[in-house]
Amino acid sequence: MGPRKGDAHPSAQECQQVERCSINMSAQQAQETPLAAAAVERLPEGARVEARYPVLVLTTEGTVQGETWQLTSHTAFVRCQQPLRVYDITNLSITVSERESVLADAEVVWSNRYGPDDHITPRGMIVRFTNISARDRHRLHRVLVKHYQKKLESQSDVARHTSG
């Protein structure tokens, strides 16, 4: 079940159905790789990872180039010099490997267009994915699993070094 024609956003129920489908597909594929299977089991709802991937934001005035800084299954922080306005609707392409991209429709939910561009409030925007295919949601989920696993391993290394 996808967004109905004329709806700007999928319903919460539709988002949950897509998310469950994505997790199930990842779990099936992860059976071949034990490390990935462990990560899928530990990926909590709302997991946020720091990940840098090139982004092309398509607007009516052309394209804006940027880079993801943070990703969740529903949002991305896109660092760019020309962020869009809050509530703007856009299409974006996140290049997650040499041969794969995640394509999504998105709405800008936060934007730093005019404020300082520093480490506290970097120039960019947060977008919420409003329409994303099952295949691209699966790709995004694989990226999240990969980075979340690295995050867990890093935290585990820090804990071992501080306790011993």
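Readers should treat all values here as calculations from the given coordinates under stated rules, not as data from a laboratory. Nothing here was measured: the structure is a model prediction, and the numbers come from that model. Every residue, glycine among them, receives a Cβ derived from its backbone with ideal geometry; neighbour counts consider all protein chains shown.
Length available on full extension from Q82 to R48: 0.36 nm per residue minus the Cα-Cα distance, which gives 9.9 nm.
Spherically averaged projected area of the convex hull of Cα atoms, region 112-164: 5.9 nm².
Among L71, L140, L152, the ranking by other beta carbons within 10 Å of each residue's beta carbon, starting with the fewest, stands as L152, L140, L71. The slack between Q65 and L103, meaning 0.36 nm per residue of separation minus the straight C-alpha distance, is 12.2 nm.
Over the C-alpha atoms of region 66-143, the Rg to Rh ratio, Rh being the Kirkwood estimate, stands at 0.97.
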